[in-house]
Each structure stands twice: as C-alpha cells, then as structure tokens.
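The next block holds one structure in the form of structure tokens; read it before the comments.
The values are calculated or read from the model by the stated rules, or taken from the named source; none is laboratory data. Values in this document were obtained by computation on a predicted structure and should not be read as measured data. Ideal geometry is used to build each Cβ from the backbone, glycine not excepted, and the neighbour counts take in all protein chains shown.
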C-alpha cells in the first residue's frame, strides 16, 4: 500500500483484520481518548480529531499514525 500512497497522494493504512472488533466507526475523538501509535508510547488524542475506532479503541488517528494493536505482522493473514 505504500506504493499506492506515493502514486495517489492519499494516506491509507493496512490493518490486521483478525485483531479488529467490529463495528468500525469513523468518528471524532473525545477528550478522554488515548492512542498507542506503532512503535511509540501512548498519546492523548486532540479533542475533535478524526479517528477510526473499533470496540477496543482507536485504530488510526487520521493523517497522524496507525495503531500498534492493529499493525500487520509476519503472522497476519487477513
């Protein structure tokens, strides 16, 4: 997907579907939201930022980072 990002100038991400707890929502973050970016430490999300979330938490903080819990790994199959 990195090649497509460079070609289209659209930020997209890939997630391990087996780790997602549906439903997925595109929503606005709340004051109490926290987020664990890939290869980073937990962050407080700015209130009113757009995010993707499932039942476990924020999957992606749009135009910022994808979440550690949902990253693709060598064991990812879906």
Could you check how many residues of the range 42-74 are closer than 13 Å to residue 19 by Cα and out of contact with any helix residue (DSSP H, G or I) (no Cβ under 9 Å at 6 or more places or on another chain)?
7
Please verify whether the range 47-57 includes one or more residues that are at pLDDT below 85, in a strand (DSSP E or B) and touching a strand residue (DSSP E or B) at 6+ places or on another chain (Cβ under 7 Å).
no
If you scan the range 20-41, which residues turn out to be touching a helix residue (DSSP H, G or I) at 6+ places or on another chain (Cβ under 9 Å) and either modelled with pLDDT of 90 or more or assigned to a loop (DSSP other than H, G, I, E, B) (or both)?
20, 36, 38, 39, 40
